[in-house]
Amino acid sequence: MNVYDLLHKELKRLDIKEESIKDEIKDLPLGTLVRIKRNDNVYVYLKHRENRKVISVYVGKEDDQNVVKIEADLRKRMVLERELKKTADEKTLIQKMLKVK
């Protein structure tokens with residue numbers, strides 16, 4: 001097996017990994033949690049942009065289980081987005097290497 005075959009094999013592996021990460025990301029929430037204090041209660045909202053419009057969705061009170069789950073999902077999304085960027089960078093490098101003769 002020569003170097004070009006190995007590079008093609010690695011490129012295919014990265015394509016599969018990229019699709020897998022994208023599938024995982026699309027199921028996770030998008031945006032940022034915002035906490036608003038009113039009287040003695042803290043209310044949590046999930047805010048994100050759609051086109052130019054800011055969408056705000058009520059999640060629950062500060063100590064609600066749903067808030068904890070969404071925080072964990074947002075952290076997971078951030079990690080996966082970093083991994084997706086790293087994978088894209090690796091693919092770009094391999095594609096450049098394949099162009100060299």
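The values are calculated or read from the model by the stated rules, or taken from the named source; none is laboratory data. Keep in mind that this is a model prediction, so the values were computed, not measured. Neighbour counts run over all protein chains shown; Cβ positions are idealised from the backbone, glycine included. Side chains are part of the model used for accessible areas, which takes the heavy atoms of the whole protein and leaves out ligands, DNA and RNA. Shrake-Rupley method; radii C 1.70, N 1.55, O 1.52, S 1.80 Å.
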Review point. In whole Å, what is the distance between the alpha-carbon centres of region 77-101 and region 1-57?
Key: 17
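By how many nm would the segment from Lys26 to Lys9 grow when fully extended, if each residue of separation counts as 0.36 nm and the alpha-carbon distance is taken off?
Working: separation 17, 0.36 × 17 = 6.12 nm, distance 2.63 nm.
So the extension gain works out to 3.5 nm.
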Review point. Any idea how far apart Asn51 and Val79 come out in nm if each label point goes 7 Å out from Cα toward Cβ?
Key: 3.6
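For the chain, with only Lys/Arg (+1) and Asp/Glu (-1) charged at the beta-carbon, what is the dipole magnitude about the Cα centre, in debye rounded to 20?
Values: 25 positive and 19 negative charges, 100 e Å.
Roughly 480 debye, rounded to the nearest 20.
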Revision key, fill the gap. When the charge dipole of the chain is computed with +1 at the Cβ of Lys and Arg and -1 at the Cβ of Asp and Glu, the Cα pointing farthest to the positive end, of Leu46, Met78, Leu98, is that of Leu98
Practice item. Specify the angular offset, from 0 to 90 degrees and rounded to the nearest 10, of the alpha carbon long axis of helix 3-26 from the longest principal axis of the alpha carbons in the chain. Key: 10
Practice item. Using the structure shown, list the pairs from Lys76/Lys99; Lys9/Lys86; Lys26/Lys96 with a Cα-Cα distance above 25 Å, or answer none. Key: Lys76/Lys99; Lys26/Lys96
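Heavy atoms only, probe 1.4 Å: what % of the accessible area of region 3-99 goes to carbon and sulfur, would you let me know? Before the final figure, lay out the partial values.
On the way: 3870 of 7270 Å².
Carbon plus sulfur share of accessible area: 53 percent.
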Revision key, fill the gap. Checked against the structure, the computed Rg/Rh (Cα atoms, Kirkwood Rh) among (1) 1.22; (2) 1.36; (3) 0.97 is the one labelled (1)
Point to revise | Accessible area per residue in Å² at 1.4 Å probe, computed on region 1-44 | key: 76
